[in-house]
1. From Ala56, Ala32, Ala43, which residue is among the small types (Gly, Ala, Ser), part of a loop (DSSP other than H, G, I, E, B) and either touching a residue at least 40 places away in the same chain (Cβ under 8 Å) or open to solvent by 70 Å² or more (accessible area, probe 1.4 Å) (or both)?
2. Quick check on segment 86-107: of everything there that is assigned to a loop (DSSP other than H, G, I, E, B) and open to solvent by less than 70 Å² (accessible area, probe 1.4 Å), which residue is farthest from Leu55 (Cα to Cα)?
3. Does Ala20 satisfy the condition of being at pLDDT below 65 and either assigned to a helix (DSSP H, G or I) or under 30 Å from Ala87 (Cβ atoms) (or both)?
4. Scan segment 75-102 for residues that are out of contact with any Lys or Arg (no Cβ under 8 Å at 6 or more places or on another chain) and closer than 18 Å to His35 by Cα and report the count.
5. Of these, Lys71, Lys58, which one is among the basic types (Lys, Arg) and near the ligand (Cβ under 6 Å from one of its atoms)?
6. Checking the structure you have, find out if any residue of segment 59-77 is touching a Cys at 6+ places or on another chain (Cβ under 8 Å), open to solvent by less than 100 Å² (accessible area, probe 1.4 Å) and not in a loop (DSSP other than H, G, I, E, B).
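The values are calculated or read from the model by the stated rules, or taken from the named source; none is laboratory data. Note that this is a predicted model, so its numbers are computed, not measured. Cβ: placed from backbone, ideal geometry, glycine included. Neighbour counts: every protein chain shown. Only protein heavy atoms, including side chains, enter the accessible area calculation; ligands, DNA and RNA are left aside. Shrake-Rupley method; radii C 1.70, N 1.55, O 1.52, S 1.80 Å.
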Amino acid sequence: MRHALHSRTFCASTLLLAVAWPLAANASAQLAVDHGCYNCHGANLRDEAPSMERLAQKLSKYKGDPAAQQKFVDKYRAGEMFGHIDAHERLSLESATALVRWLAEGGK
Ligand code: HEC
């Protein structure tokens, strides 16, 4: 009886993980939509803006390296690197971190 209870708990947490993982990725994609990233990085590229695929390609060098991602986030939010783009600088630390991690992991 006790054993059965344990295995049911295990199942539930495994299931939760399986459900939460794709949800987290979709939440970041939604974040990019909500913050208008696609206005410049989407189908109709504006100014010098690289496409989302290109961004993901560039940021893939930070894949699996949270420290490097954080360093990039700081510079990015400070607006130092790309001539002050409001959409970049308005992001909260949480949103910027989530978006950079998302892009570094492929942006899908
Ligand atoms: C107003 C247009 C605009 C919007 C909106 C915008 N960007 Fe950008 N972004 C740019 C431009 C232009 C550059 C490239 C500047 C350059 O290369 O000099 C850039 C560069 C970047 C880079 C750096 C790429 C590199 O070379 O390392 C990242 C990452 C990025 N944008 C992510 C985002 C995200 C995420 C959002 C949504 C929150 C967003 N951008 C919204 C215009 C925009």
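1. Details: Ala56 fails: part of a loop (DSSP other than H, G, I, E, B); Ala32 fails: part of a loop (DSSP other than H, G, I, E, B).
Result of the check over Ala56, Ala32, Ala43: Ala43.
2. Checked segment 86-107; the qualifying residue farthest from Leu55 (Cα to Cα) is Ser92.
3. When the stated conditions are applied, Ala20 passes them.
4. Adding up the residues that qualify gives 19.
5. Going through Lys71, Lys58 in turn, just one is among the basic types (Lys, Arg) and near the ligand (Cβ under 6 Å from one of its atoms): Lys58.
6. No; the residues of segment 59-77 include none that is touching a Cys at 6+ places or on another chain (Cβ under 8 Å), open to solvent by less than 100 Å² (accessible area, probe 1.4 Å) and not in a loop (DSSP other than H, G, I, E, B).
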